[in-house]
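Since the structure comes first, as structure tokens, the remarks are kept for the end.
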Amino acid sequence: MRRIDPLAQRTIAALVALVLTSAAALLIGPQSTSSAATAPSTARATAPSQAPTDPPAVENNFPVTREGAYGDNRFTVFRPTDPQAVGRPLPVLAFGNGACAHTDNSEVTQALTFVASKGFVVVNTGSADGSPNGVPSGSPIPSLLTDAIAWAEREHDRAASPLFQRLDLTKVATAGHSCGGLEALVAAQDARVSATVSLNSGFFEDGSFGYPRSELAKLHTPVMFLDGGPSDIAYTNSQANYGLVTVPAVLATHPQAGHGGFITGAQMADGMAVVVSFLDMVLNGNQAATDHILDPAGLASQAPWVVATKNF
């Protein structure tokens, strides 16, 4: 008899709760123009981390604040409004936008609010109000994501920050959509990164945008590739990149999502829940999330998802 994935039932309840509360939960904070010139911190949070037997992160539904990054208008931050309410130090996700949009990030607001509501701090490229920030758009700039990690390190040490001593800087990931996925895959080579997610993305066979597929050999972390099936313009790259990596990897295809469904379409909640579960598995070691991603009775049993895994 096939086992029913327990996380699927809990995820449905969490998604319904998020829809009912998201409008009230999204608090838009003012963007600071103060300078932050301190050196990156090597400090790490000392509060207890999540236990493998804790409920999976996807069941959380914390109110979220969206605000400009203190001292650096290249970034927008999505975080639990009350970080202490999470009850543990928060993992950090640096996220790159589709089209390598480095100024206007409004397209990803709903998706990244979802991720932050599960107990993550997301540092996203682009200014909170879409104002010019001196960064050109249209081509990958992976250093933006490593700079986003450095910003989080400074905030962890800044006494006036709402994130003061509230981050777990041993649990850092990169992710990105489309062109931003290329940024995430390159930035994941940074030693501070422990996981990466490529949404509707992947390196081109001809090395378009300046990054050949040989970059995949530099990965040192588990990676997840999500694509939207044959109608996704990144489908071929996503599938090929998964085949080439030698690190632990997940390939998850939702054939109805196309290129944008995980970000702005009907598959947003499903796609972001899978991202959260992957991060919860890799960064937090949560057993329920691990079962959901790797067990044949988990995500792989939920039509229309098609899932492959290797090297775990």
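The values are calculated or read from the model by the stated rules, or taken from the named source; none is laboratory data. Predicted, not measured: the structure shown is a model, and the values here were computed from it. We place every Cβ from the backbone using ideal geometry, glycine too, and count neighbours over all the protein chains shown. Please note that ligands, DNA and RNA were not included when accessible areas were found on the heavy atoms of the full protein model with its side chains. Shrake-Rupley method; radii C 1.70, N 1.55, O 1.52, S 1.80 Å.
Label the range 187-230 by shape, choosing from rounded, prolate and oblate, from the square roots a ≥ b ≥ c of the eigenvalues of the Cα gyration tensor; if a/c is under 1.5 it is rounded, and otherwise prolate applies when a/b is larger than b/c, oblate when it is not. Oblate, since a/c reaches 1.5 and b/c is not below a/b.
If you take all other residues with their beta carbon under 11 Å from the beta carbon of SER178, and give Lys and Arg +1 and Asp and Glu -1, the sum is -4.
A 1.4 Å probe run over the range 262-303, with the rest of the protein chains in place, finds 28 Å² accessible per residue. The residues of the range 77-201 have, on average, 25 Å² of accessible surface per residue, using a 1.4 Å probe with all protein chains present.
Taking a straight line from the alpha carbon of LYS118, these lysines sit under 18 Å away, with near neighbours fewer than eight places off in the same chain left out: LYS171. Per atom type, the range 67-129 shows carbon and sulfur on 41% of its accessible surface, probed at 1.4 Å.
Quick one: net charge around ALA234, please, counting Lys, Arg +1 and Asp, Glu -1 for every other residue with C-beta under 15 Å from its C-beta.
With Lys, Arg at +1 and Asp, Glu at -1, the net is -4.
How much of the accessible area of the range 202-279, in percent, comes from carbon and sulfur atoms when a 1.4 Å probe is used? Mind showing how you got there, number by number?
Numbers: 1580 of 2830 Å².
The value for the range 202-279 is 56 percent carbon and sulfur by accessible area.
Computed over the alpha-carbon pairs of the range 210-297, the distance histogram in 10 Å steps reads 17, 43, 36, 4 percent, short to long.
Measuring nothing but how far apart in sequence close Cα pairs (under 8 Å, 6+ apart) lie, relative to its length, the range 104-233 scores a relative contact order of 17 percent.
Peptides 299-312, 216-229, 199-212, ordered by how many other C-beta atoms sit within 10 Å of their residues on average, highest first, read 216-229, 199-212, 299-312.
Using unit Cβ charges (K, R positive; D, E negative) and no other charged atoms, how large, in debye to the nearest 20, is the dipole of the range 48-125 about its Cα centre?
The calculation lands at about 100 debye.
Can you tell me which of 73-81, 258-266, 271-279 comes out highest on packing, and rank the rest after it, using the mean Cβ neighbours within 10 Å? Don't skip to the end; give the middle numbers.
Details: 73-81: 24.6, 258-266: 19.0, 271-279: 26.2.
Order by mean packing, descending: 271-279, 73-81, 258-266.
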